[in-house]
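Trainee: Quick one: this structure, given as structure tokens, is what I'll be asking you about.
The values are calculated or read from the model by the stated rules, or taken from the named source; none is laboratory data. Since this is a predicted model, take the numbers as computed values, not measurements. With ideal geometry, Cβ positions are generated from the backbone for all residues, glycine too; neighbour counts draw on all protein chains shown.
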Amino acid sequence: MDFLAIVGTWLSIFLTLSILSFLYDDNPIYKLAEHLFMGLGIGIGTVEVYYGVFQPKLVHPLLQEQRLLSLLPLILLALLFTKLSRKHQDWARIPIAFIVAAFAGIKLTGEANGRLLEQVRASMPDLPALYQEHGWWNWNEAGAGVISGVLLVLGLCACLLHFYFSSKHNKPMRVISRVGILTLMLSFGASFGFTVMGRISLAIGRAETLLGLDQPNTLITLGSMEVERMTATRWTTIGTLLLVIVAIGLLKRRKAASVDSA
């Protein structure tokens, strides 16, 4: 096992435990990991934007192809920085207007074609095709079939009628509204459960890393010793945890001493 792999494993364990230390209290160790995460994210994003956007769309057309039209986005980009000056900040409205207008136009057509129309099309299932493919109800395909298609349409109509306020809700409308509320609650609960499952899967992945379960339990060489990878990872986790606890305790004691002396 080379030195870089050992350092990478230790950094992974240290940063994971540093983030989890926020469960105890807000502390400098957590701040260090948070700032490191933000800094790396911003740095990677900046590099990706330069090589993915600026270089192929501005630098190469301007310097290699001598395309003077590329000066226009460069000028708009420069005008954005006038927002930092109180005297010339009005010039920043020009590129902001271009950005908002272009974004609104693209998103309006893109959202309408990509989401609205697709959702409307998916909300109206083809019942004969469903019956030929799955029958009335297919347990092997998560309940796909004609019954689930009808329930989908009825739940959608109930949700839409729940938000219909142009007329007074009489007794039948109140019953339909209750069905719409139930459908909404089921939808919100499923979305929340899916989100929680995703976060739990991430937590399980980090726990496997801390316990050394994410890689095969092979023998590795540490100096003149040969130890199992899982054993070395677990001892590293324990040592790093003790290091984080001691560092937090010392920093808190130092902070308390400085407050008392002041």
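Trainee: What number of residues within segment 106-132 satisfy the criterion of being of a type in the set (Lys, Arg) and under 24 Å from Gly145 (Cα atoms)?
Mentor: Here is the first cut: in segment 106-132, the residues of a type in the set (Lys, Arg) are 107, 115, 121.
Restricting the remaining residues to those that are under 24 Å from Gly145 (Cα atoms) gives 115, 121.
Going through segment 106-132 one residue at a time, the tally reaches 2.
Trainee: Please work out if Phe37 is modelled with pLDDT of 85 or more and under 25 Å from Ile94 (Cβ atoms).
Mentor: Answer is no for this residue.
Trainee: Quick check: anything in segment 192-214 surrounded by 12 or more Cβ atoms within 10 Å (Cβ to Cβ), in contact (Cβ under 8 Å) with a residue 12 or more places away in the chain and outside any helix (DSSP H, G or I)?
Mentor: yes
Trainee: For segment 121-128, indicate whether the set of residues that are closer than 27 Å to Leu186 by Cβ, modelled with pLDDT under 85, aliphatic (A, V, I, L, M) and surrounded by 11 or more Cβ atoms within 10 Å (Cβ to Cβ) is non-empty.
Mentor: Within segment 121-128 (the criterion being closer than 27 Å to Leu186 by Cβ, modelled with pLDDT under 85, aliphatic (A, V, I, L, M) and surrounded by 11 or more Cβ atoms within 10 Å (Cβ to Cβ)), the answer is yes, since at least one residue qualifies.
Trainee: Can you name the residue in segment 135-178 that is modelled with pLDDT under 75 and in a helix (DSSP H, G or I) and, of all such residues, is surrounded by the fewest Cβ atoms within 10 Å (Cβ to Cβ)?
Mentor: Asn140
Trainee: If you don't mind, there's one more thing I want to ask. Can you name the condition, by its number, that Gly180 falls short on among (1) touching a residue at least 40 places away in the same chain (Cβ under 8 Å); (2) assigned by TED's automatic domain parsing to the domain that holds Cys159?
Mentor: Every condition holds for Gly180 apart from (1).
Trainee: Any idea which residue in segment 215-242 is surrounded by the fewest Cβ atoms within 10 Å (Cβ to Cβ), counting only those that are in contact (Cβ under 8 Å) with a residue 24 or more places away in the chain and among the hydrophobic types (A, V, I, L, M, F, W, C)?
Mentor: Leu222
Trainee: Of all residues in segment 222-248, which are of a type outside the set (A, V, I, L, M) and either assigned to a helix (DSSP H, G or I) or closer than 15 Å to Ile19 by Cα (or both)?
Mentor: Taking segment 222-248 as the starting set, the residues that turn out to be of a type outside the set (A, V, I, L, M) are 223-224, 226, 228-229, 231, 233-237, 239-240.
Matches in segment 222-248: Arg229, Thr231, Thr233, Arg234, Trp235, Thr236, Thr237, Gly239, Thr240.
Trainee: Can you go through Leu62, Leu72, Leu84, Leu77 and tell me which one is surrounded by 14 or more Cβ atoms within 10 Å (Cβ to Cβ), at pLDDT below 90 and out of contact with any strand residue (DSSP E or B) (no Cβ under 6 Å at 6 or more places or on another chain)? Break it down into steps so the answer makes sense when it comes.
Mentor: Numbers: Leu72 fails: surrounded by 14 or more Cβ atoms within 10 Å (Cβ to Cβ); Leu84 fails: surrounded by 14 or more Cβ atoms within 10 Å (Cβ to Cβ); Leu77 fails: surrounded by 14 or more Cβ atoms within 10 Å (Cβ to Cβ).
The match here is Leu62.
Trainee: I'm trying to understand the selection: among the residues of segment 5-49, which are surrounded by 17 or more Cβ atoms within 10 Å (Cβ to Cβ) and either outside the structural domain of Ala232 (by TED's automatic domain parsing) or not in a helix (DSSP H, G or I) (or both)?
Mentor: Result: Asn27, single match.
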